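The values are calculated or read from the model by the stated rules, or taken from the named source; none is laboratory data. What you are looking at is a predicted structure, and each value in this text was computed from that prediction instead of being measured. Here the Cβ positions follow ideal geometry from the backbone for every residue, glycine too, while neighbour counts run over all protein chains shown.
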Amino acid sequence: MEYLWIIPFSPLVAFVIIGLFGYKFLREPLSGIVAVVGVAISAIASIKGFIDVATTGNYYNLKLFNWMTVGDYNISVSILWDPLSALMTCVVTCVSTFIFIFATGYMKGDESYPRFFAYLSLFVFMMLMLTLSDNLVQLFFGWEGVGLASYLLIGFWHYKKSAANAAMESFVVNRVGDWLFLLGILLAFVIFGTLDYLEIFGKLAGVDYVVITAIALLLFGGAVGKSAQIPLHIWLPNAMEGPTPVSALIHAATMVAAGVYMVARLMPVFASSEIALDTVLFIGTMSAFLAATMGLVQNDIKRIIAYSTLSQLGYMFAAEGLGLFSEGMFHLTSHAVFKALLFLGSGSVLIALHHLLDVQKMGQIGRAMPITTGTFLIGSLALAGIPPFVGFFSKDPIIEGAYEINTFVFMFLWGGAFLTAFYIFRLFFLTFFDGDRLDPHIREHVHESPPNMTIPLIVLAVATVVLGFFREFFINFLKPSLEPTYMKFLPEEVKVLVHEGLSRAHHVHIEPNAFHFLGHSLTSFLGILLLGTALAGIFTAYIIYQLRKVDPVKLTEMFRPIYNLFYNRWYFDLIYYKIFVYGYYKLSKVLWFVGDKVIIDGIVDGSGKGSLFAGEVLRKTQLGRISGYVLQMLIGVVIFLSLFLFLK
Amino acid sequence: MTPEFVNAGFPIITVSILIPLVAAAIVFLLNEKFAKPISIVSSVVVFILSSYMLLTYDPSGYKIQFYEKYAWIPQFGISYEVGVDALSLTMVWLTAISFVVAFVWSTNIEKRVKEYFIAFLVLEAACIGVFVAWDLVAFYVFWEVMLIPMFLIIGVWGYSERIYAATKFFIYTFFGSLFLLIGVIGMYIYNYVENDVLSTSYFDLLKLSLHYNLEIIFFLLLALGFAIKVPMWPFHTWLPAAHVQAPTAGSVILAAVLLKMGTYGFVRFNLPWFPEASKYFMPVMFTLGVIAIIYTAMMAIAQTHIKRLIAYSSVSHMGFVTIGTFALNQEGVNGAIITMISHGLTSGALFLAAGFIYERLHSYEMKDLGGMAKFVPVFATLFMISAMASAGLPGLSGFVGEFLALLGTFKVSILTATLAGLSLVVGAAYTLWLYKRTMFEEELLTEEKKEEYSKLKDLNTAELWSFLPLVIFMFVIGIYPNWWINLINNTTHFVLHKIVGG
């Protein structure tokens, strides 16, 4: 399995090559090609690794390089290759490959074309360091590294004030999560004396419940930041300032899912604390529902999808909080595919409409862009949870699980499902069909995108259609990483502990087989209810935005307070701005004036002036006679000596 | 624990101190056009010597290496005693690299060119002297000598309010040194009273076992001298004033080298000499360290003058060194030392960046800046790397030291580590704010400004070669910190031997 090191370092090499030679020699399109080749090599290597793991069921732990030694513990750069990391790595590299190809078309003609592909390659390298890590510090390295790449790419068009602000916001808000995450790492190190996952798992049995809860919650704090969960979610919609391939790759498919991956990776730790699981469940559920409400009323095409991402990430966390880790990871995979598809589809629309973002000003472009429209529809149906698309097979099981485990959670996730179907089809009808609200000048030039953009769309659409039927394979594949009884690397007593920790999900049986699950959905009350909900959401959107039977403006007037609440995103952004941006800045200004200038410098400069005066007085002691100085010296020595004698 | 002394076959340290002085003499004698090349060559030679020492230093066990000792004033037990352990050595190396950078950068000095370079060369000799001296008289002489050229650099080649800043710098640090002097003399007399020996050697005084109350008093005397130099909150206000007025190269040296002397003093003297007092003052130092980190980070974001912002960020970073040092454990002190090295590199680079911007746009005020990134891409990249290293991004130098310092602190005080860790957020805020306000948001520029910007030149050769060494070592330390940790481990062990035993 030595070849696995190729996976992270191939994009790194691409990054270095483009970084050094991008502007001088490669330019466009060679920079893009280098990047695509770099990521494609890692995709091939990771697929090979995936197959190896799937056939043998083993896990591999390679230590590549000894990074930092702390006491007796070596923090190393290493690879832990088991079903979980193999799946995540494959998702990252494969989705990246298609998004890179799409980007060669999307970024065509941009003056900073090489820089874009250098950053993208850097991102993939960092993301792979994160997914492949076998210890928390390397994870943190990747974690911060993807944060940097995200910052650079959100701010890619940094000439825009909005982009520069969004980039900074994303980094700083993420750092709030990272602060907690780092404290979690430190606590874990103090408790376990190691930061390797497998060694930590091995020592879980003897650790105090409070401590384990604290570690899990602190680490989860990092996930809340990175995966943009409430209350640290505000940066993600603003991150849409970045080019659309970035939104697809980083802010939908991969990076924001890192938090979900991290929780799954550390499943034994989280499962050891009921409070930790409940917190994950609560935050996930709240995010799933609240973000969906925010997405209902937005008009920026990318932001609607961004809120949808927040919401879907919430579903994944909810699944993990329910103890259904495999379902969470399957939804992550599924979401990576259909959300990348939706974002790339919107990117294709943006190119055709010259970066017009407001869905209220679009409409009736479906015929001119058949491939984009068709693939977008597939993505939307998947998101809404309509069979046979993959979203149905990954999202419905989570809601069904919630029904068995926690009614409160079920209500929110169920409600969220209706909202999801509604907002995505509102977007769909407004963008591609409905009336002609488009500026005629733009309408003239609406055209389908070139093949390097449509082929990735088609590939992702095909994946969206077929992936759901591999449900059983995925669930079984993940067992050696996420089912305590199958986890070879856990000692027996920890297996018992983790198994008990997941007891909330023991009575739940969710059909792994896709055909059986479909059959169950079409026959059981709950299945029909969920399917009906999704269809109702779509149908409502159809009535309002396509048939125009109900005037959306009148609806808005009827529900003005609620509309305002949703439209202003529950006032999170406003309150945060007032307190943490404006408040912090003003407080700093005031502190600077009062603390540094008036008080501290007042004393310093004041004592300077005082000493001038004192000097005048003391001058009188300097008589210029040797005997006088000798006397003063003697007094000094006597003081010192008596001090010693006195203190001894 | 007595260290071994490994004598130098060749007096490499003395030579390192003499080279800048000889170069200063030559500059004085020759035409002013030779001033810069001679300074660069001499500083490069010193850098090569220090790198040689760094690479040949034997990190196993605690040995004072390249050791030289000659009697100076034997009647009073004063000698010329120099040598390096890993702490001294890394600081000497940092000094050497910083001066190379400072000299290479100093291109367009217009007034008193010879004097400018002479001041810097004397400063270099004094700085190296401070870090290598094991005799306290020599140490104190170097410590004071250093003030004069720095005073001149700010006072003569500074900006409009240079006299105020230079005077404040001088009087403030001089004031601090007096307490240091009293402390050292006190130790000297005490040693005489106790053991009937007159000696100013560091190691002789180390053997003293002081009464608890005396330890406290001496600790405070030395600490005041060092705290002003660091500078620790609330003794920090001289620093922004000095930085704002100092010429770019002066700021680089001030931030990269001079600030380290305060923290060097704490690690070198306070911890080994006063172990009980160090434990006693741990909570005080933690408090001051945390205030430095959070409060000055807020000061930084309140600034519109970019050099003042960077100056405050220095105080904030030095807070990490303070808490790491006073965690009084291996990780903490290792972290403190690596943060010292890293901060030397990053703050030096950030001041270079400020200098670069000023030379192009003739302003340090944010309202006159912004939107440069596109026009000067190479600079923008190096500036970004430096900013990220400063913000503690893993893989670059800043993270290593801060991680270790936080880990050490966390072991003794979770609260301190939690609050100090907030610098992850507030530190990122002011760093990115600085970057955004100088490099991004081109669309806010007026048309005339854009016209002016399109004529901007990216880094010239001298500027590039000043930046590169700093940036390269940010990566070297960040990617392979183990080499550095291994280098300093036994020195840290020695520093702590009276505190943790063994």
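Only a single item in (1) at pLDDT 90 or above; (2) closer than 16 Å to B:PRO272 by Cβ is not met by B:LYS229, and it is number (2). Out of all the residues in region A:346-354, is one or more more than 21 Å from A:GLY401 (Cα to Cα) and not in a helix (DSSP H, G or I)? Scanning region A:346-354 turns up at least one residue that is more than 21 Å from A:GLY401 (Cα to Cα) and not in a helix (DSSP H, G or I). From the residues in region B:87-132 that are charged (D, E, K, R) and surrounded by fewer than 24 Cβ atoms within 10 Å (Cβ to Cβ), which one is nearest to the chain's Cα centre (by Cα)? Of everything passing the filter in region B:87-132, B:GLU115 is nearest to the chain's Cα centre (by Cα). Scanning region B:450-477 for residues that are closer than 16 Å to B:ALA349 by Cα and aromatic (Phe, Trp, Tyr) yields B:TRP465, B:PHE467, B:PHE473, B:PHE475. When region A:87-117 is filtered for residues that are charged (D, E, K, R) and in a loop (DSSP other than H, G, I, E, B), the ones remaining, listed by number, are A:LYS108, A:ASP110, A:GLU111.
Scanning region A:65-86 finds one or more residues that are hydrophobic (A, V, I, L, M, F, W, C) and part of a helix (DSSP H, G or I). Just one residue in the set B:PHE120, B:PHE151, B:PHE179 is at pLDDT 90 or above, in a helix (DSSP H, G or I) and over 18 Å from B:VAL252 (Cβ atoms); that residue is B:PHE179.
Considering every residue within region A:445-452, establish whether at least one is in a helix (DSSP H, G or I) and out of contact with any Cys (no Cβ under 8 Å at 6 or more places or on another chain). Yes: region A:445-452 contains one or more residues that are in a helix (DSSP H, G or I) and out of contact with any Cys (no Cβ under 8 Å at 6 or more places or on another chain). Of the residues that make up region B:213-230, is at least one part of a loop (DSSP other than H, G, I, E, B) and either within 30 Å of B:TYR70 (Cβ to Cβ) or not β-branched (Val, Ile, Thr) (or both)? No, region B:213-230 has no match at all. Of all residues in region B:412-471, those satisfying the criterion of being within 12 Å of another protein chain (Cβ to nearest Cβ), assigned to a loop (DSSP other than H, G, I, E, B) and under 26 Å from A:LYS160 (Cα atoms) are B:PHE440, B:GLU441, B:LEU445, B:ASP458. One residue stands out in region A:134-162 among those that are crowded, with 24+ Cβ neighbours inside 10 Å and more than 29 Å from A:TYR60 (Cα to Cα): the one that is nearest to the other protein chains (Cβ to nearest Cβ), namely A:HIS158. Apart from one condition, A:VAL466 fits all of (1) part of a helix (DSSP H, G or I); (2) surrounded by 18 or more Cβ atoms within 10 Å (Cβ to Cβ); the exception is (2).
For region B:192-216, filtered to residues that are within 11 Å of another protein chain (Cβ to nearest Cβ) and not aromatic (Phe, Trp, Tyr), the residue that is surrounded by the most Cβ atoms within 10 Å (Cβ to Cβ) is B:LEU210.
Scanning region A:32-70 for residues that are touching a residue at least 40 places away in the same chain (Cβ under 8 Å) and within 13 Å of chain B (Cβ to nearest Cβ) yields A:LEU64, A:TRP67, A:MET68, A:VAL70.
Kindly indicate whether any position in region A:382-389 is among the aromatic types (Phe, Trp, Tyr), in a loop (DSSP other than H, G, I, E, B), touching a Leu at 6+ places or on another chain (Cβ under 8 Å) and surrounded by 24 or more Cβ atoms within 10 Å (Cβ to Cβ). Looking through region A:382-389, at least one residue is among the aromatic types (Phe, Trp, Tyr), in a loop (DSSP other than H, G, I, E, B), touching a Leu at 6+ places or on another chain (Cβ under 8 Å) and surrounded by 24 or more Cβ atoms within 10 Å (Cβ to Cβ). Among the numbered conditions (1) farther than 20 Å from B:LEU121 by Cα; (2) out of contact with any strand residue (DSSP E or B) (no Cβ under 7 Å at 6 or more places or on another chain), tell me where B:MET146 comes up short. Only one criterion is unmet by B:MET146, namely (1). Residues that are within 28 Å of B:PHE235 (Cα to Cα), modelled with pLDDT of 80 or more and at the interface with chain B (Cβ under 8 Å from one of its Cβ atoms): list the helices (runs of 4 or more DSSP H) wholly contained in region A:561-648 that include at least 1 such residues. Result: A:584-591, A:601-618. Does at least one position in region B:158-175 carry a residue that is within 24 Å of B:GLU81 (Cβ to Cβ) and without any contact (Cβ under 8 Å) to a residue 60 or more places away in the chain? No, region B:158-175 contains no residue that is within 24 Å of B:GLU81 (Cβ to Cβ) and without any contact (Cβ under 8 Å) to a residue 60 or more places away in the chain. Taken over region B:382-403, the criterion of being within 9 Å of chain A (Cβ to nearest Cβ) and farther than 21 Å from A:LYS160 by Cβ is satisfied by B:MET388, B:ALA391, B:GLY392, B:LEU393, B:PRO394, B:GLY395, B:PHE399, B:VAL400, B:PHE403. Scoring B:SER347 on the criteria (1) among the polar types (S, T, N, Q); (2) in contact with a His (Cβ under 9 Å, 6 or more places away or on another chain); (3) within 13 Å of chain A (Cβ to nearest Cβ) leaves a single failure, condition (3).
Restricting to region B:67-83, what's the tally of residues that are of a type in the set (S, T, N, Q) and touching a strand residue (DSSP E or B) at 6+ places or on another chain (Cβ under 8 Å)? Total satisfying the criteria: 1. Of the residues making up region B:54-72, those that are over 15 Å from B:TRP134 (Cβ atoms) and either in contact (Cβ under 8 Å) with a residue 60 or more places away in the chain or in contact with a helix residue (DSSP H, G or I) (Cβ under 6 Å, 6 or more places away or on another chain) (or both) are B:LEU54, B:TYR57, B:PRO59, B:SER60, B:GLY61.
From the list A:ARG367, A:ARG426, the lone residue that is of a type in the set (Lys, Arg) and in contact with a helix residue (DSSP H, G or I) (Cβ under 7 Å, 6 or more places away or on another chain) is A:ARG426. Can we say A:THR194 is in contact with a helix residue (DSSP H, G or I) (Cβ under 7 Å, 6 or more places away or on another chain), over 23 Å from A:ILE283 (Cβ atoms) and within 14 Å of chain B (Cβ to nearest Cβ)? So A:THR194 fits the description; yes.
Contact map, region B:222-245: first residue within 9 Å of another protein chain (Cβ to nearest Cβ), second residue in a loop (DSSP other than H, G, I, E, B) and not β-branched (Val, Ile, Thr), Cβ cut-off under 9 Å, separation 6 or more or different chains; pairs are B:THR237/B:PRO231; B:TRP238/B:PRO231; B:PRO240/B:GLN303; B:ALA241/B:GLU161. Kindly indicate the residue of region B:362-381 that is in a helix (DSSP H, G or I) and without any contact (Cβ under 8 Å) to a residue 24 or more places away in the chain and also nearest to the other protein chains (Cβ to nearest Cβ) among those meeting that condition. The qualifying residue nearest to the other protein chains (Cβ to nearest Cβ) is B:THR381.
Tell me the helices (runs of 4 or more DSSP H) entirely within region A:200-279 that contain at least 3 residues that are within 16 Å of the chain's Cα centre (by Cα).
Of the helices (runs of 4 or more DSSP H) lying wholly inside region A:200-279, those with at least 3 residues that are within 16 Å of the chain's Cα centre (by Cα) span A:209-226, A:235-238, A:244-248, A:258-265.
Residues in region B:145-165 that are surrounded by 18 or more Cβ atoms within 10 Å (Cβ to Cβ) and within 13 Å of chain A (Cβ to nearest Cβ): B:ALA165 alone.
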